[in-house]
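The values are calculated or read from the model by the stated rules, or taken from the named source; none is laboratory data. Computed from a predicted structure; not experimentally measured. Using ideal geometry, Cβ is built from the backbone for each residue, glycine included, and neighbour counts are taken over all protein chains shown. For the accessible areas, the whole protein counts, side chains as well, though only heavy atoms, and no ligand, DNA or RNA atoms are used. Shrake-Rupley method; radii C 1.70, N 1.55, O 1.52, S 1.80 Å.
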2 protein chains.
Amino acid sequence: MQALINRLQYYAQLRTEETTKLKSLASKLELFRKNETIVRSGDPLKNAYIIEDGWAIRYHDLQDGGRQIVNFLLPGDIFDLQVFVSETADHSVQVIADVAAHEISPRSLANLFVNSSALSLAMWWSSVQEEAILREQIVRNGRRSAKRRIIHLLLELQRRLEIAQPSRGISANRQFPISQTVLADALGLTSIHVNRILGELKRQDLISIKNRLIVLRDVRALSDMIGFDCDYLDVNQQKRPKVLAGELWSG
Amino acid sequence: MQALINRLQYYAQLRTEETTKLKSLASKLELFRKNETIVRSGDPLKNAYIIEDGWAIRYHDLQDGGRQIVNFLLPGDIFDLQVFVSETADHSVQVIADVAAHEISPRSLANLFVNSSALSLAMWWSSVQEEAILREQIVRNGRRSAKRRIIHLLLELQRRLEIAQPSRGISANRQFPISQTVLADALGLTSIHVNRILGELKRQDLISIKNRLIVLRDVRALSDMIGFDCDYLDVNQQKRPKVLAGELWSG
DNA sequence: CGATAAATTGAATAGGTTCAACCGAAGTGG
DNA sequence: CCACTTCGGTTGAACCTATTCAATTTATCG
C-alpha cells in the first residue's frame, strides 16, 4: 500500500490515523505475470485493485484488430473505481511488467469513503489528477511530431514513478519495461517508426536500451528538448484544496 | 436545468423530489457570447457552471501558439467540478455558440451532494461518463484516418445532444455550430485538410453546410461507414449501478 | 535447441502538412 | 450606409512525416 500512500501524501497531508486505515485495506497481495489480462473488455467488474509494484496498460480494442492504449497503470494507481458505477468493463487492462496488486472489494472501499473525509478527498483528488493525465494524453497525441510524443510520454512516466516510488532512487525510475510496440500503441504510431526515432535518440545518447528496458540517460536534455512542463502531475502547494472540503466530506 | 435533468434521467431514475432539488440550484442564468472565454488557464476557479444551452470547448494552449481541444461542452454538461480540488484552472473554456449557463457556487453543490444520495451517485456517474468520453477522444485521434475522426466526432456530438435535448427534435440536433478550425483543433488536423474531407462528404451528400452550420444528412450512412459504436455514451440498463450505492452515499 | 516475440533496416507509398493566394460573409467604425 | 477589417472557408502545388510491405536479426523462453 506504500505506493498509494506516497502518491496521496504527495499532495495531501495524511495523518498516521489515515495511513493506518489505508494499510488496513491491504488484504491479499495478488500477483499477475507479464502479458496476463487482469480486466477484459465486456467482462463483469468485480473488484478494484491498487498496484503496489509493476506496470500495466489500459487499452481499447479497435475494429481493425489493433488497440489504442489510453493510459499506463503504475505503482500507486487504482483501477477501476468504475466498479461502483458500471457492471461491465469498457476497456481491458493488461500487465506489461509483473504486477503485485492489492485486491480491494467495493465494500471495503466504500467503507473507507464513508469513514474518512480526508481519504475521500484524497481519492477524489487522485481521480481528478487521473483525468488530467488523460487530457494530457489527448494533447500529446494531437498535432505533435512522433519524437515529441515519445519523449513526452517517457518523461511523464518517469515523473509519475518518482512520485509513487521515491525510495527506488532516481536511476531505477528511469528504466521502463516498455516494448516499442506498446509505445506505438499508446502514441498512435507504428512500432517501426517508433524504432527509428528511438534509434535517433540513442545515437544522440539521450536514451539507451539495456535488455529490453528503455533507459533515460539525460532527463534534463530531454525535457529541454520538448519544453516539458509537468505541472499536471505536480499538484503543487498553491493548488491545494479549498476550505470547503470539510463541509463536503462530513465523515 | 432541464438539460442536466434529461441527461441524468437518461441513466438514473430521479424522483420528483430530486429533480426539484436540482431545479433549486438554478439561481441566475448567465449568458456568454460566442468567442467569450469563460475560464482561462491559470486563473483562479471560482464557480462551477451547468450549461443549459449553447456550445463551448475546453482546450489546452500549446507552446507553438496552437491549441488542442480536449472536449466539447454541451447542454447538460457541468464544468468544472475541479473547483473542489484545485485553486486554479489548468485549461481554458471558450464559447463557440452563445451559451446560457447556471452559475453554481461550490457551496450549494456541496450541499446537494450531502443531502441527496441519488444525486450524488448520478453526479459521480456523470463524471465517470465524462471520463469515458475523454478516453474515446484518445482512441479517436490515435492511428485513425482523418475522415474517420471527423465522422466519429460528429456522431458523438449528435448522440450527446439527442440525450440532453430530446425535445429539440432530431433534425435540430444534427446542426453543429463548429468551424472547420475548431474541428481541426479537436482532431489534431489542419483546417485545410478538414476542409478537403468535408468537401468530399458534401459531394457524397452525407453532410451539408448551411450558414456556417454543419448538417448531418445521413446519420445512418455515416455510422455504417465507420462502424460507430456509441455504447460509451449510452450507459444502458444492464450496466446500471450496483446495489452498493445506498451504502456508499448515505445521505 | 527450436520457437516465438521484439527489434531493425530498406524502399516505395500515401496521407496530411505547409505555404500561398483568394473569396465571401459578418462585423465595425466613421 | 458604405468602406474596411476580420474571420472562416476554398483551392492548388510542393513537400514531408509516418506508413506499408517485406525481409533479416536479435532476444527470450520452454
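Is it the case that region B:174-194 has a residue that's more than 27 Å from A:GLU136 (Cα to Cα) and either in a loop (DSSP other than H, G, I, E, B) or modelled with pLDDT of 95 or more (or both)? The answer is no; no qualifying residue exists. Considering each residue of region B:136-152 in turn, none proves to be in contact with a helix residue (DSSP H, G or I) (Cβ under 9 Å, 6 or more places away or on another chain), more than 16 Å from DNA strand C (Cβ to nearest atom), more than 8 Å from chain A (Cβ to nearest Cβ) and hydrophobic (A, V, I, L, M, F, W, C). Residues that are open to solvent by less than 20 Å² (accessible area, probe 1.4 Å), touching a residue at least 60 places away in the same chain (Cβ under 8 Å) and within 16 Å of DNA strand C (Cβ to nearest atom) do occur in region B:205-226.
How many residues does region B:104-137 contain that are aliphatic (A, V, I, L, M) and closer than 16 Å to A:GLU130 by Cα?
Count: 4.
Only one entry of B:ARG15, B:ARG7 meets the criterion of being more than 16 Å from DNA strand D (Cβ to nearest atom), out of contact with any strand residue (DSSP E or B) (no Cβ under 8 Å at 6 or more places or on another chain), open to solvent by less than 60 Å² (accessible area, probe 1.4 Å) and among the basic types (Lys, Arg), and that entry is B:ARG7. When A:GLN94 is tested against the conditions (1) closer than 25 Å to A:ASP43 by Cβ; (2) touching a helix residue (DSSP H, G or I) at 6+ places or on another chain (Cβ under 8 Å), the lone failure is (2). Hey, could you check region A:78-89 for residues that are in a loop (DSSP other than H, G, I, E, B) and in contact with a helix residue (DSSP H, G or I) (Cβ under 6 Å, 6 or more places away or on another chain) and say which is surrounded by the most Cβ atoms within 10 Å (Cβ to Cβ)? This residue is A:VAL85. Within region B:24-46, work out how many residues are without any contact (Cβ under 8 Å) to a residue 60 or more places away in the chain and over 20 Å from the mean Cα position of the chain (by Cα). Total satisfying the criteria: 5.
B:PHE113 satisfies every condition listed in (1) within 15 Å of DNA strand D (Cβ to nearest atom); (2) open to solvent by 10 Å² or more (accessible area, probe 1.4 Å); (3) not acidic (Asp, Glu) except (1). Whether any residue in region B:132-153 is acidic (Asp, Glu), in a helix (DSSP H, G or I), over 25 Å from B:ASP61 (Cβ atoms) and touching a residue at least 40 places away in the same chain (Cβ under 8 Å) is what I want to check. No, the conditions are met nowhere in region B:132-153.
Checking the structure you have, find out if any residue of region B:90-100 is open to solvent by less than 10 Å² (accessible area, probe 1.4 Å) and in a helix (DSSP H, G or I). No, region B:90-100 contains no residue that is open to solvent by less than 10 Å² (accessible area, probe 1.4 Å) and in a helix (DSSP H, G or I). In this structure, B:ILE163 qualifies as more than 14 Å from every other protein chain (Cβ to nearest Cβ), touching a Gly at 6+ places or on another chain (Cβ under 8 Å), modelled with pLDDT under 95 and closer than 30 Å to B:ARG15 by Cα. Residue count for region B:153-184, restricted to those that are open to solvent by 20 Å² or more (accessible area, probe 1.4 Å) and within 13 Å of DNA strand C (Cβ to nearest atom): 4. Somewhere in region B:66-76, is a residue open to solvent by less than 20 Å² (accessible area, probe 1.4 Å), in a loop (DSSP other than H, G, I, E, B), farther than 18 Å from A:TYR232 by Cβ and of a type outside the set (A, V, I, L, M, F, W, C)? So far as region B:66-76 goes, yes, one or more of its residues are open to solvent by less than 20 Å² (accessible area, probe 1.4 Å), in a loop (DSSP other than H, G, I, E, B), farther than 18 Å from A:TYR232 by Cβ and of a type outside the set (A, V, I, L, M, F, W, C). Within region A:36-65, if we keep just the residues that are of a type in the set (Gly, Ala, Ser) and farther than 14 Å from A:ALA164 by Cβ, the residue that is least open to solvent (accessible area, probe 1.4 Å) turns out to be A:ALA48. Taking region A:192-204 as the range and being in contact (Cβ under 8 Å) with a residue 12 or more places away in the chain and within 11 Å of DNA strand D (Cβ to nearest atom) as the test, the residues that pass are A:HIS193, A:VAL194, A:ASN195, A:ILE197, A:GLU200.
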